[in-house]
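Structure first, commentary second.
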Amino acid sequence: MIKTFSSRAGRISSTNKKFLNLKSACLINPEVRPKTTCPIVIDIGFGDAQSFTQDILINKEYCFIGIEPYKKGFARAVEFYEQERPENLFLYNGDAREFFELIGYKASFIRIHFPDPWPKKKHIKRRLISPNFLQILEQKITNTGKIEIITDSKIYQEHIKTVLNEQKLFKKIDSFEISYEVSTFHKKALEKGHEIKRYVLTKV
Ligand SMILES: C[S@@+](CC[C@H](N)C(=O)[O-])C[C@H]1O[C@@H](n2cnc3c(N)ncnc32)[C@H](O)[C@@H]1O
């Protein structure tokens with residue numbers, strides 16, 4: 001499997017280590033559906049967890065599964081869980097594609113906010129959004145499910161446009177129910193004055 005994330009080190013502190021090693025109740029076994037009657041939202045790549053954790057508190061009527069391979073961000077999300085004990089949070093430390101291979105249920109919503117852009121042409125295969133990934137998502141969301149993708153990368157916007165034009169599984173719509181706070185990458189995009197594009201997709 002080609003890696004879609006960079007090996008972002010970020011010094012792992014002793015506190016991070018403690019939460020990475022903890023057998024926290026929020027850690028999800030992908031083979032077991034979370035016990036919830038709320039719609040399931042999968043957040044792919046929540047990064048440093050700062051805005052993601054706010055989203056969880058604001059959107060209590062949704063059950064979030066956060067997926068992130070980046071250890072420091074993941075440790076922060078576990079730390080947040082241990083402090084707040086939100087009932088609507090589950091976490092998976094790894095690659096979303098690996099997670100989707102293991103789950104036998106469907107999500108109502110999938111969010112991908114500011115995916116790693118991999119701007120160089122030679123790195124195009126590392127971009128998470130691809131025709132193949134859309135096929136996987138199509139199988140893992142409900143019939144009325146929605147996907148939200150946000151990016152400020154001009155190159156990624158062009159890439160998404162091409163990928164969407166070449167597929168027949170999803171159509172673009174406007175509304176996505178779940179609110180989000182400004183994330184670290186969102187803030188950087190605003191500071192740089194980048195145009196931020198949002199794509200909401202539902203099954204055709
Ligand atoms: C540019 S950051 C954006 C983080 C956050 N969503 C935000 O808005 O600040 C992209 C994140 O996606 C994660 N990522 C990349 N590929 C992934 C994959 N295959 N599965 C899950 N997360 C992935 C990276 O580790 C990284 O933290």
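Here, each number is a calculation from the coordinates, and none is a lab measurement. Keep in mind the model is a prediction, meaning the values are calculated, not measured. FYI the Cβ positions are ideal-geometry reconstructions off the backbone, even for glycines, and counts take in every protein chain you see.
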inquiry  = With the structure loaded, tell me whether residue 18 is basic (Lys, Arg) and closer than 24 Å to residue 5 by Cα or whether it fails that test.
reply    = yes
note = Checking 202, 151 in turn, the sole residue that is out of contact with any His (no Cβ under 6 Å at 6 or more places or on another chain), surrounded by fewer than 19 Cβ atoms within 10 Å (Cβ to Cβ) and of a type outside the set (A, V, I, L, M) turns out to be 202
query = If you check 125, 171, 187, 161, which single one turns out to be in a strand (DSSP E or B), surrounded by fewer than 19 Cβ atoms within 10 Å (Cβ to Cβ) and not hydrophobic (A, V, I, L, M, F, W, C)?
reply = 171
query = Going through the range 75-89 one residue at a time, which ones are charged (D, E, K, R), in a helix (DSSP H, G or I) and surrounded by fewer than 19 Cβ atoms within 10 Å (Cβ to Cβ)?
reply = 82, 84
task = State whether one or more residues within the range 49-60 are among the aromatic types (Phe, Trp, Tyr), more than 9 Å from the ligand (Cβ to nearest atom) and outside any strand (DSSP E or B).
result = no
task = Hey, can you tell me all the residues within the range 1-21 that are part of a loop (DSSP other than H, G, I, E, B) and within 22 Å of residue 98 (Cα to Cα)?
result = 1, 2, 3, 4, 5, 6, 7, 8, 9
query = Before we move on, is residue 72 within 14 Å of the ligand (Cβ to nearest atom) and either assigned to a strand (DSSP E or B) or surrounded by fewer than 22 Cβ atoms within 10 Å (Cβ to Cβ) (or both)?
reply = yes
Some residue of the range 32-45 being near the ligand (Cβ under 10 Å from one of its atoms), buried (at least 21 other Cβ atoms within 10 Å of the Cβ) and of a type in the set (Asp, Glu) = yes
query = What is the number of the single condition among (1) within 10 Å of the ligand (Cβ to nearest atom); (2) closer than 17 Å to residue 180 by Cα; (3) in a helix (DSSP H, G or I) that residue 99 does not meet?
reply = (2)
